[in-house]
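One structure is given below, encoded as structure tokens.
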Amino acid sequence: QGRDCSCYKCVQNDDLGTVGGSNPWGACDGEMVFNDESPCPKGAYSKYCMPGDYDCEGYNVTITQRGWFYDLGDLNQTDPFVRKAQLDWIKWFVTEYDIDYLRLDTAAFMTFDFLSELQESANVSIMGEVTTTNLTYHANFQSNPPGPDGREVLDGVLNFPLYYSASQASAANGGLRITNALTWVMMAKGTPIIYYGTESNFSEVRTSLWQTGYDTKSEGFLFFKTMNAIRAQIPATADLKVLSTEDSG
């Protein structure tokens, strides 16, 4: 049996022993605790070794970017035929369907140089999904190396470092903290992205929405309606200023 790569495990009540819990944010009839048998560093935000987790024992960025996508076979963009086919495809796709913006799933599992070429070929902004808690590694996906002198990579990335830290705080403190976190998302600089069903208080992902009746009177729906109205009055280029509770009174 291979080494358990889950950073956290579910521990039930003392007389019930321990049960496995591969998803640290899923249902647990007990308490989620750090898994000492995992390669993860203590205090890890993610549930297993994620892209850019250099503290994870055995982490290898080359394997992450050029190897398989976990247990799924991946395209080899170092092969000239594969690379050209994908770059030609993105040009055709954007033109054929008049695309004005793209979200690129699992962007962290491709090399920086290929992503840079993909962004150039698309000729529209690409926002990459980079699931990492490492801010410097995260920044590499916009400029490699980070900074004005680096090669441009993607036009944007989803703010997963903030997402993971905010999820930890919000999950532990209930509804008011979750509302505060969503307010931050709606008011922060950048494009706010809200997972569908949040307005209906979904507790699970990838479930159907139709059974909610598309309630436009719910507390969640009205909250986002208000946030959208406020945001529409704020220029996209407005400076962001964060105040502590002490400063704001």
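The values are calculated or read from the model by the stated rules, or taken from the named source; none is laboratory data. Model, not experiment: these values are computed from the prediction. For neighbour counting, all protein chains shown are included, and Cβ atoms are generated from backbone atoms with ideal geometry for every residue, glycine included. Calculation scope for accessible area: heavy atoms of the full protein, side chains included, ligands and nucleic acids excluded. Shrake-Rupley method; radii C 1.70, N 1.55, O 1.52, S 1.80 Å.
Summary table
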| item | result |
| --- | --- |
| Efficiency of FRET from Cβ geometry, A236 and D55, R₀ 51 Å, rounded to 0.05 | 0.90 |
| Accessible surface of the chain [probe 1.4 Å, protein heavy atoms]: carbon and sulfur percent | 53 |
| Estimated distance in nm for a label pair at Y163 and T198, the labels positioned 7 Å out from Cα along Cα-to-Cβ | 1.0 |
| Accessible surface, 1.4 Å probe, highest first, among residues I230, I99, I63, I90 | I63, I230, I99, I90 |
| Theoretical ellipticity at 222 nm over the chain - DSSP helices of four or more residues, -39500 (n - 2.57) apiece, nearest 500 | -9500 deg cm²/dmol |
| Inter-probe distance in nm under a simple model that places probes 7 Å from Cα toward Cβ, at L75 and D29 | 4.4 |
| FRET efficiency estimate (nearest 0.05) - Cβ-Cβ, F93 to M186, R0 30 angstrom | 0.50 |
| Overall form of the chain per C-alpha gyration tensor (a/c, 1.5; a/b vs b/c) | oblate |
| Å² per residue, accessible surface of the stretch 50-151 at 1.4 Å | 60 |
| Local electrostatic count, T226, Cβ distance below 15 Å [Lys/Arg +1, Asp/Glu -1] | +1 |
| Mean Cβ count within 10 Å, highest first, over the residues of peptides 106-119, 142-155 | 106-119, 142-155 |
